[in-house]
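Contents: one structure, followed by commentary.
Just so it is clear, none of the values below were taken in a lab; they were calculated from the coordinates. Everything quoted here is computed from the prediction, not taken from an experiment. Please note: Cβ atoms are built from the backbone with ideal geometry, for glycine as well, and neighbour counts cover all protein chains shown.
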């Protein structure tokens, strides 16, 4: 099977953590991605340039590796990664998942992965999304009782540095990382962590764009806040932005006076201040917003709440009750 | 619960821009963030 997952979607992602695979453990830096469901890392069989400058898994060096043989083509839009399935012991600090299925890339022609700061991807979406029907790492953790609670949560720092961009908490929630109550929204389609978006407001005015319903995917593997293309012009106009080759440019001195964006989710209104959606790169300000062109599978306008949103809202993914919780981080 | 500290590296986009290959790359793909969510095709 082929999953279309454009590499470009990971162009902006850059939050990653360490896992190890095999016995003795081989270490990798992976993107923890709630927008995909496969675990895969480069392998020593991979001769593509993208594999040269990344850690590569050596099956022969692991006493616990079992080849599964099936080969899948995981398409990344502009190219595709060929992975061969196998299984081995996955470790994330004190968590150990035995015989975790994983993909070992054989060929990784996609240019962007050459530049990625991470080696592979650990998908955290629902098992039904996994290429080849492989068991997800989270399913393995649950089945092998590796999590005290069937939840995981993400905190992304508003002032990230290379050494500290945020935290993933597997099996719990940390009250130190958020304030106020958690607002819960049920997952509307158990492929992704997708919730209903009840309304969108710019400043004090409710746009009415979600009168017939909107959907929002909570995706730690997407950096920006993405907006259905039919609304992008209205947002640019409301925010006084100009389209340039570097994105939607705004005057940095206007940032303070720009309106906040508000998202109605789970009956609450989650505000995104301009400080969150305006990126200032050496005095050049752009909106951390981009357009999407495809609707959700049920035809409703689809928004993606990426890291830009998740920096403002500590997010809890509840695997037992299939719901997503948001609290001001 | 297990706490995994997340590092924040330069994005791939920034790295490709610095290497001077970003514009050419993006010209060759119809970039849409939602494509990531297309259901598996058999």
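Structural remarks
- Working note: 222 nm ellipticity from helices only, DSSP H runs with n ≥ 4, each -39,500 (n - 2.57), summed and divided by the residues of chain A, gives -2500 deg cm²/dmol to the nearest 500.
- Region A:162-282, relative contact order [Cα under 8 Å, separation at least 6], %: 24 percent
- C-alpha long axis of helix A:229-239 to longest principal axis of chain A, angle in °: 50 degrees
- Rounded to the nearest 0.05, the FRET efficiency derived from the C-beta distance between residue A:251 and residue A:328 at R0 = 25 Å is 0.35.
- Contact order normalised by residue count of region A:67-182, Cα under 8 Å, 6+ apart, percent: 17 percent
- Evaluating kT/(6 pi eta Rh) at 25 °C and 0.890 mPa s, with the Kirkwood radius of region A:245-329 over Cα pairs in the Stokes-Einstein relation, gives 166 µm² s⁻¹.
- A simple spin-label model places the labels of residue A:260 and residue A:53 4.1 nm from each other, with each point 7 Å out along Cα-to-Cβ.
- Cα centroid separation, region A:102-127 to region A:135-179 (Å): 20 Å
- Length gained when the stretch residue A:275-residue A:230 is fully extended (0.36 nm per residue, less Cα-Cα span): 13.8 nm
- Mean separation of Cα contacts under 8 Å, 6 or more apart, over the residue count of chain A: relative contact order %: 18 percent
- Here the spin labels are modelled as points 7 Å beyond Cα on the Cα-Cβ line, and at residue A:70 and residue A:297 they lie 1.8 nm apart.
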